[in-house]
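J.: Pasting a structure below so you can have a look.
Rule-based calculations on the coordinates, nothing more; no lab input. Being a predicted model, the structure only gives us computed values, none of them experimental. Cβ placement follows ideal geometry from the backbone for every residue including glycine, while neighbour counts extend to all protein chains displayed.
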Amino acid sequence: MQQPADTKKYRVLLAEDHALLRQSLKAYLEAQGSCQVVGEAQDGRDAMRLYGELQPDIVLMDLSMPGVDGMIAVKAIKRDFPEARIIALTAHRTEDYLHAALDSGVDGYVVKAASAEDLITAIRAVCRGEAYVSPEVSATLINGYLRGSRSPQSSPWPA
């Protein structure tokens with residue numbers, strides 16, 4: 001199904017430690033015409049600094065990066081800039097990672113196995129103020145909730 005035309009050009013900060021993936025994401029997003037990559041970070045520390053300098057519309061944040069990881073960076077950015085819009089972009093599909101990311105303050109959760117179209121859908125949704133979770137993990141989230149397995153103590157990250 002074709003997405004409705006979106007005239008806004010979103011300013012994006014990419015935080016991804018793998019240069020090839022970061023460059024590929026940048027090329028794809030900019031080719032779509034609705035995104036302009038205004039900054040690139042290779043770790044969480046760079047992402048925190050660049051967010052403060054650039055004030056992008058949205059951050060695509062890898063959760064597993066060397067040094068300051070994405071989860072810590074999300075918490076710091078949200079603490080200093082509560083209006084920040086952040087999408088976790090990750091290979092992790094487990095319930096623990098999903099819950100920890102949501103607890104950290106992400107507005108969206110997209111797995112790297114998602115389609116490129118899903119990423120654009122997530123960016124548009126989060127920029128509109130909506131939450132977004134990849135279809136690949138939405139069942140995990142719902143099933144965990146229904147089982148009552150949601151437990152703050154199960155998080156692999158400190159509060």
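J.: Taking the Cα centre as origin and putting +1 on Lys and Arg beta-carbons and -1 on Asp and Glu beta-carbons, what dipole magnitude results for the range 45-148, to the nearest 20 debye?
T.: My answer is approximately 120 debye.
J.: Scan the range 8-113 for GluC sites (Glu not before Pro) in coil per DSSP, keeping those whose Cβ has at most 12 other Cβ atoms within 10 Å, and list them by number.
T.: Answer by residue number: Glu83.
J.: Which lysines, if any, have their Cα less than 23 Å from the Cα of Lys112, not counting same-chain residues under 8 positions apart?
T.: Lys9, Lys26, Lys75, Lys78
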